[in-house]
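The values are calculated or read from the model by the stated rules, or taken from the named source; none is laboratory data. On a predicted model such as this, the values are computed, not experimentally measured, just so you know. Cβ placement follows ideal geometry from the backbone for every residue including glycine, while neighbour counts extend to all protein chains displayed. To get the accessible areas, we keep the full protein, side chains included, count just its heavy atoms, and leave off ligands, DNA and RNA. Shrake-Rupley method; radii C 1.70, N 1.55, O 1.52, S 1.80 Å.
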There are 2 protein chains.
Amino acid sequence: MAEATNEPKKQTESTLPEAAAEPSRQEVQAPAQPAVPGVPDEAAPAGVSNPKADIAALNSLEMHLYAHRYAETMMGCFGPSIDPVKATHDRGEAQAILDEEDQELLCAKNTGELLERLQRESPMLSRTQRAQVRILRRERSRLMDVPPKEQAAFTRLLAESGAVWHKAKAANDWASFEPYLDRVVNAMRHIANCQNPGKNPYDVWLDYYEQGTSRAFYNHFFREVKKTVVPLLQEISQRPQLSRRVVEGRFEAERQWALARDLMDLEGLDPDVMVLTKTEHPYSDGITTNYAMIAAHVYEDDVLSNLYTMLHEGGHALYETGVNPEFNYTSLKGGTSMGMHEGQSRFFENYVGRSEAFAPALLKLLRKHFPGQFSRVSARQFYMAANRVEPSLIRTEADELTYPLHIIVRYEIEQLLMEGDISAQQVPMLWADRYKKYLGIRVPDYTHGCLQDTHWADGLIGYFPTYALGGAYGAQLRHQMIADGMDFDGVLATGDIAPIRSWLKKHVWQWGRAFDPQEIIQNACGEPFNVAYYTDYLTQKFSSLYEL
Amino acid sequence: MAEATNEPKKQTESTLPEAAAEPSRQEVQAPAQPAVPGVPDEAAPAGVSNPKADIAALNSLEMHLYAHRYAETMMGCFGPSIDPVKATHDRGEAQAILDEEDQELLCAKNTGELLERLQRESPMLSRTQRAQVRILRRERSRLMDVPPKEQAAFTRLLAESGAVWHKAKAANDWASFEPYLDRVVNAMRHIANCQNPGKNPYDVWLDYYEQGTSRAFYNHFFREVKKTVVPLLQEISQRPQLSRRVVEGRFEAERQWALARDLMDLEGLDPDVMVLTKTEHPYSDGITTNYAMIAAHVYEDDVLSNLYTMLHEGGHALYETGVNPEFNYTSLKGGTSMGMHEGQSRFFENYVGRSEAFAPALLKLLRKHFPGQFSRVSARQFYMAANRVEPSLIRTEADELTYPLHIIVRYEIEQLLMEGDISAQQVPMLWADRYKKYLGIRVPDYTHGCLQDTHWADGLIGYFPTYALGGAYGAQLRHQMIADGMDFDGVLATGDIAPIRSWLKKHVWQWGRAFDPQEIIQNACGEPFNVAYYTDYLTQKFSSLYEL
């Protein structure tokens, strides 16, 4: 059950993949002898291989991309919460220029030639360097066909639409955001068409956020999920409801922030590599393994919201800081995909945080900060309260069972938008319709409806499905931990989840972007992704809870 | 006394200076046909002038420099207070790379050729464009002789020394910071030697922070200041002391932050372009006119510290946001020099904030936030308390009269360090010696002595003298406002200082970096800088206060 039993049987270092051939389609005009930031010098006489010089050029290229990533992460993450109201446009301009620089750097002719030479020299490269070349070639190929000015215009649009959404949500004002959604959709369709004219634009974006996925993949996935969740929900609605009374009350904000810090400790985050800040819409991000950030919020009438937000965002931060530190200044730093990222965050939110075995550990912290409210609450009562199934309006506050239905609503609307079947104007009506159909509830306003999430304003159409997929990845990883001999509930019961972190670090986190998500699952579990682990888990957990 | 009486007699638009000839010394190897971020394309056939294309290239160059400036300001200002403890090194790496990029961009051969062509085409340029070319040529010339790797190494060193200083100050631990000061001094001497091998390194840096200054200039300036301040201080020490009793007490931190926001309002700052954040060492900075930041601190046992810190940093922010908005994405954005910047900050701190006429306005705010303490304090009592002259240890908390003596201590030590006459090891002893000699007090430890300021750790040797000079600029500007017909005390007495802001905006702020500081003074006052306005002001104010 502890670390010692984790056999390294499935994933060995030698499985790091070779780069796939990805021909570049169009070369950007570039100088013969650039002396300009990051673009490699021209090769020595053609045909003469000089891997040492090429590796130095690769490292220099990576350092420039790293510096820009650092700046872009600071501006993108802190900008919206820190920057003055009137600075939005100026930030967008700066972000657009940095984007343009990245694109021109990657698309320069010399960069293309360097990457081709490195590809040919791969026997002389380390496994890490081969993985870097693979990722850089893929990113270059993706950017080659998008005119830099269009990419920059998209960045500018997002800075603006993010700010408009922010105000629109607060004011329950769909009309002001609506034209921006149309503009975002158009821009994303256009960019997808530039990249892959023959492919459905939504498929292009689904594959971008999760390599190897498509509408076909998700249609199958969501069909299976619906087949399990909808009947379960139906049966549960016939049963007596679990009580949430024990977690109700008022919870003073400052104490909740202190609780949030203790939750980070409990999860195993090093405070010296973390920033915790306040925001409207929670998120997390990371730069190097020495720098992860969590932005969260607290509601004085809902302590569970804080608790599960922190566990969720903390899971992202564990992934970011658990990557091999040698990847820090390279393109291999970061999570391999959005789905795998959500796989980690939802792992700590649900498989750890909403388990019965971990309830005593959470209850102990709640008692520390709110002794009056929690001194007489039992672990079983808390577990039941945290798992009450109840169709609701807000995705981020949803229980584990209805959560994927919130995603299905968005997935269906995104498809219609991207295929041009509807415009933004029809979104609120469709939103209300789908919430009625899948969750059986009425949407009272935009703020609690189609304005609740920041994603569309941020140009993240195609991202939502990865949340649900991440939940399913997590179920499969959890199943494998147990198959590997871990006494999963036993570990949770100790309140020290170091063995779980070690397993995930070994099989997922450390690899950063060196493996694609499907490879991570295959290597970790010895079989491909299988939705059944997820649907089985949901069936078992909620049948037991509601005595179905 | 109001705006209407401000005759535009001294500064007219036609006085924008022509670019001085500044031959570049060494060209960086650059591509024939660069397509890389920011570096202009090669000119059309030599000799064929194409001002339209050149102006487009100038704008593009400026946009790239702007985007980097945005990123660098975020990282430099927020980094040290926001970033996780362990991220310091990673931030330094990113900052160093961005610095390198700026330098390579400005030093590229094509950039040099573009600026030379624009210089030749100046009759076809707007006055703003001519000023841009002047500033860009000067910056390029300054960078041409510093190898980019050395500049980057300096940036990395500063990220580290800043973090070391932070801990050293908290721990009263000079030994840990000492080697870093030696390294900073060596690096700054070396960079100065690269730039101007024939010139004294300290003179190079003095001129960098304040164009047109040198040791000769400051030796004269400080001699005059000492001639006034030292005897005044001597006489004051024989007189009965002013009481500070009325401002003593405990002032709860959260209320002080609310007071800080009201002070920003009183000063006339637009909250929609401002960020107020917390820090150990107060500072302010600006990006565009839509983005200024103030970092401050509060001490619960010293409300005056908060009050004068906010007025001071608010003065900087007024300058940054008062620049002509058309300069936003150009090299003309920002204050023209450190001294002129301090001239604005110390204007609001002292000539406004420590005046008798403005005391009722400040008292009104103090009464609002701390009614218990201030309800029975008179404006006269408050004025006297805020102007009590008392030799003290901390520069930023010093009264207006002893303040320049703190600067003289630093100026003398900086000279010795930069000339190699002493090493960092001797600084604490010299510090103690000079505080005894000029201020008559004993320095009890490093934290309240030579570790109090962040400047040396940040590579700002040569910056301190601009604080004192700024005070003197302010005195001359104030004198000129009155000569222009403003009833200065009358304006202060109304509590609405809009006429003062308008005068400064018209004569100083709007010009950004389009004029050098000596030109600003000449244009605003119709005569060159003259220290006598400052020494006369001090003599008159403190003779009257202490009935000398």
Discussion item. I'd like the full set of residues that are in a helix (DSSP H, G or I) and either at pLDDT below 95 or open to solvent by 20 Å² or more (accessible area, probe 1.4 Å) (or both), limited to the stretch B:362-381.
Written reply: B:Lys364, B:Leu365, B:Arg367, B:Lys368, B:His369, B:Pro371, B:Gly372, B:Gln373, B:Ala379, B:Arg380, B:Gln381
Worksheet item: Where residues in the stretch A:265-275 are within 12 Å of chain B (Cβ to nearest Cβ) and open to solvent by less than 30 Å² (accessible area, probe 1.4 Å), which of them is modelled with the lowest pLDDT?
Response: A:Val275
Worksheet item: Which of (1) within 14 Å of chain A (Cβ to nearest Cβ); (2) open to solvent by less than 20 Å² (accessible area, probe 1.4 Å); (3) closer than 28 Å to A:His89 by Cβ is the odd one out, the single condition B:Ile82 does not satisfy?
Response: (2)
Discussion item. Among the residues of the stretch B:165-178, are any open to solvent by 30 Å² or more (accessible area, probe 1.4 Å), without any contact (Cβ under 8 Å) to a residue 60 or more places away in the chain and over 30 Å from B:Leu307 (Cα atoms)?
Written reply: yes
Worksheet item: Just a yes or no: is a residue in the stretch B:95-108 over 26 Å from the mean Cα position of the chain (by Cα) and not in a helix (DSSP H, G or I)?
Response: yes
Practice prompt. Please work out which one of (1) within 24 Å of the chain's Cα centre (by Cα); (2) modelled with pLDDT of 85 or more is the condition A:His64 fails and give its number.
Written response: (1)
Worksheet, complete the sentence: Among B:Gln119, B:Gln132, the single one that is open to solvent by 30 Å² or more (accessible area, probe 1.4 Å) and either more than 12 Å from every other protein chain (Cβ to nearest Cβ) or outside any helix (DSSP H, G or I) (or both) is B:Gln119
Worksheet item: If B:Glu252 passes every condition in (1) open to solvent by 10 Å² or more (accessible area, probe 1.4 Å); (2) of a type outside the set (Gly, Ala, Ser); (3) in contact with a strand residue (DSSP E or B) (Cβ under 8 Å, 6 or more places away or on another chain) but one, which one does it miss?
Response: (3)
Worksheet item: For the stretch B:55-79, which residues satisfy the criterion of being touching a Gly at 6+ places or on another chain (Cβ under 6 Å) and more than 7 Å from chain A (Cβ to nearest Cβ)?
Response: B:Leu61
Practice prompt. For B:Arg513, work out the one condition from (1) more than 22 Å from B:Lys333 (Cα to Cα); (2) modelled with pLDDT of 95 or more; (3) open to solvent by 40 Å² or more (accessible area, probe 1.4 Å) it doesn't fulfil.
Written response: (1)
Fill in: Yes/no for A:Asn530 being surrounded by fewer than 23 Cβ atoms within 10 Å (Cβ to Cβ) and outside any loop (DSSP other than H, G, I, E, B)
no
Worksheet item: Which members of the stretch A:97-116 meet the condition of being under 30 Å from B:Thr73 (Cα atoms) and either at the interface with another protein chain (Cβ under 8 Å from one of its Cβ atoms) or of a type in the set (D, E, K, R) (or both)?
Response: A:Ile97, A:Leu98, A:Asp99, A:Glu100, A:Glu101, A:Asp102, A:Glu104, A:Leu105, A:Ala108
Discussion item. Suppose we filter B:Thr466, B:Thr535, B:Thr539 for residues that are open to solvent by 10 Å² or more (accessible area, probe 1.4 Å), in a helix (DSSP H, G or I), touching a residue at least 24 places away in the same chain (Cβ under 8 Å) and touching an Asp or Glu at 6+ places or on another chain (Cβ under 8 Å); which single one remains?
Written reply: B:Thr535
Worksheet item: Among the residues of the stretch B:278-319, which ones are within 14 Å of chain A (Cβ to nearest Cβ) and open to solvent by 20 Å² or more (accessible area, probe 1.4 Å)?
Response: B:Lys278, B:Thr279, B:Ser284, B:Asp285, B:Asn290
Fill in: Looking only at the stretch A:386-414, and only at residues there that are in a helix (DSSP H, G or I) and open to solvent by 40 Å² or more (accessible area, probe 1.4 Å), the one that is nearest to A:Gly343 (Cα to Cα)
A:Thr396
Fill in: Options B:Glu72, B:Glu62; residue that is among the charged types (D, E, K, R) and open to solvent by 10 Å² or more (accessible area, probe 1.4 Å)
B:Glu72
Practice prompt. Could you please find all residues in the stretch B:137-158 being farther than 14 Å from B:Asn186 by Cβ, touching a residue at least 60 places away in the same chain (Cβ under 8 Å) and part of a helix (DSSP H, G or I)?
Written response: B:Arg137, B:Arg138, B:Glu139, B:Arg140, B:Ser141, B:Arg142, B:Met144, B:Thr155, B:Arg156
Practice prompt. Just one of (1) among the basic types (Lys, Arg); (2) over 25 Å from A:Asp536 (Cα atoms); (3) touching a helix residue (DSSP H, G or I) at 6+ places or on another chain (Cβ under 6 Å) trips up A:Arg478, so point out which.
Written response: (2)
Discussion item. I'd like to know if the stretch A:160-173 contains one or more residues that are within 20 Å of the chain's Cα centre (by Cα) and either of a type in the set (S, T, N, Q) or under 23 Å from A:Thr336 (Cβ atoms) (or both).
Written reply: no
Fill in: Qualifying position, being closer than 18 Å to B:Phe154 by Cβ, aliphatic (A, V, I, L, M) and assigned to a helix (DSSP H, G or I), among B:Met63, B:Met75
B:Met75
Discussion item. Name the single residue that is surrounded by the fewest Cβ atoms within 10 Å (Cβ to Cβ) among those in the stretch B:469-490 being among the charged types (D, E, K, R) and not in a helix (DSSP H, G or I).
Written reply: B:Asp487
